[in-house]
Each structure stands twice: as C-alpha cells, then as structure tokens.
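Step one of this worksheet: look at the structure below.
Computed from the coordinates by the stated procedures, all read-outs in this text should not be read as laboratory data. It should be emphasised that the depicted structure is a prediction, and the values quoted were computed from it without experimental measurement. For neighbour counting, all protein chains shown are included, and Cβ atoms are generated from backbone atoms with ideal geometry for every residue, glycine included.
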Amino acid sequence: MQPVSLPLPKVLRPDGTPVRVLVVDDEPDLVEVLGAVLRYEGWDVRAAADGLSALTMARDFRPDAVLLDVMLPDIGGLEVLRRLRSDAPQVCVLFLTARDAVEDRIAGITAGGDDYVTKPFSLEEVLARLRGLLRRAGMAQAAVGTPLTVGDLVMDEDAREVTRGGEFVELTPTEFELLRFLMRNPRRVLSKAQILDRVWSYDFGGQAHVVELYISYLRKKIDVGRPPLIHTVRGVGYVLRPSEKP
C-alpha cells in the first residue's frame with residue numbers, strides 16, 4: 001500500500017468562487033476520472049467530448065482553465081485552442097496528448113497552449129500543472145479553509161479533525177483521505193476504481209477489496225449507532241449522503 005501524501009492547499013478564483021475547468025476529451029472513462037479528481041479539489045467542472053461542443057460550452061461556462069485533448073473526433077485541439085483564445089485570451093490551456101514527438105509538443109505550445117501532458121499521465125501531475133498555470137496567470141489563490149459538512153458530519157481539513165454530531169472521530173491517515181474524497185463529492189456515487197486512483201494511487205483492477213475494507217472501517221467509526229451516511233450502490237460503488245428521513 002502506498003502512503004497517502006498530505007494535500008496541497010485548495011485554490012479559488014480571486015473572487016472566492018471555485019475555479020472553473022472544462023475537460024475536453026472523447027474518452028469517457030478518462031473524462032469521468034479527471035472530473036472526479038478536479039471536483040475533489042473543490043473546482044467547478046464541465047466536460048465535452050468534441051471540439052464544437054467544447055466551444056459552445058466555453059461561451060456559457062467561461063472556464064478559467066481547459067484540459068484539451070489534441071485529437072478530437074471533429075476539429076483538432078489546435079483549432080479549438082485558436083477559437084477559444086479569440087473569445088477568451090486569458091484562459092489557461094493544458095493539452096492532453098497521446099503524441100510524444102517533439103514536433104507535436106512544439107506545435108501545441110506555438111499555437112498558444114500553456115503546457116501539455118502526454119498520455120498516459122499521472123493525475124497528480126495534471127493537478128500540479130493546472131495549479132501552476134492558474135497561479136502564474138493570477139487566476140487563482142490559496143483558499144482559507146472551511147470545514148466540509150455532510151449532515152452532522154464535519155471535517156476540518158486544515159486541522160485534520162472529524163466530528164459526528166459534535167463527537168470527535170479518530171481516523172487513520174488513509175481513513176481520513178477516503179472520507180475526505182467522499183465528503184468532497186457528496187451525493188455522488190464513486191466507483192471503486194475512482195477511489196483507488198485518488199486515495200491509493202493504484203492502477204485500476206485487482207485491489208477492490210482494499211476499498212471495501214476501508215469503507216467498513218469508516219462505517220464502524222462514523223455510522224455505528226447513528227443514521228448511516230455511507231451507502232453502497234450495488235454494482236457501482238459508494239456514496240456519502242444523509243439518510244432520508246422516514
């Protein structure tokens with residue numbers, strides 16, 4: 001099992017609202033994982049599977065940053081970038097590319113892209129590069145921590161403390177990271193693969209029992225003797241939400 005690293009401080013837009021990120025890629029699984037990780041950071045995320053949809057969405061959403069696949073099914077990523085920049089010159093663009101030839105990288109940067117990552121890439125690398133781009137562009141700043149709250153469950157991320165109904169809950173570092181991921185995505189069903197990738201940084205497959213084990217640990221600490229917050233969606237994954245009142 002890999003150790004869980006301490007998280008970097010959250011970032012917000014200068015006006016205190018969540019950073020807006022548009023993910024443009026035609027691989028649904030990749031978009032789903034990227035979306036979950038970015039939402040875990042507290043960012044507002046939208047997704048598009050092709051270039052024309054991305055341009056339409058960008059006009060309404062006004063993203064601060066765009067994760068942009070170079071190879072799209074309709075128009076290429078370089079053309080999407082050109083049109084994006086004509087409407088929003090300051091938007092940060094991080095290219096996602098399966099091409100690793102030097103010419104392709106140069107083409108992306110020359111066209112106005114701010115940075116690129118080559119598939120397959122580390123999710124942590126994508127986050128680090130996005131954070132760097134946003135800060136250099138003056139479009140994001142460190143956030144003052146505010147507790148995460150779901151029902152009567154409260155997490156102070158800075159102090160790394162958790163309470164349920166006002167009672168302190170002692171968690172191991174891994175339990176804390178798992179609960180944090182659930183609380184950053186309330187009412188959203190998270191698959192075991194998503195949880196593994198974010199909490200343990202494992203490749204998908206073969207380790208689902210680890211998630212089941214730690215979910216059971218969390219339930220014993222926060223749900224026993226109380227209305228359950230952690231729910232199993234059979235065949236899909238887990239979701240954190242207050243129990244419906246009878």
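Before moving on, here are some points about what is shown:
- Projected-area average for region 11-142 over all orientations - Cα convex hull basis, square nanometres: 7.1
- Shape summary of region 148-240, radius of gyration then Dmax from alpha carbon positions: 12.5, 38 Å.
- Ranked list, fewest to most other Cβ atoms within 10 Å of each Cβ, for K119, K220: K220, K119
- Amide H partners (placed H, <5 Å) of V93, local residues excluded: V66, D114, D115
- Computed over region 148-240, relative contact order equals 27 percent, with contacts defined as Cα pairs under 8 Å that lie 6+ residues apart.
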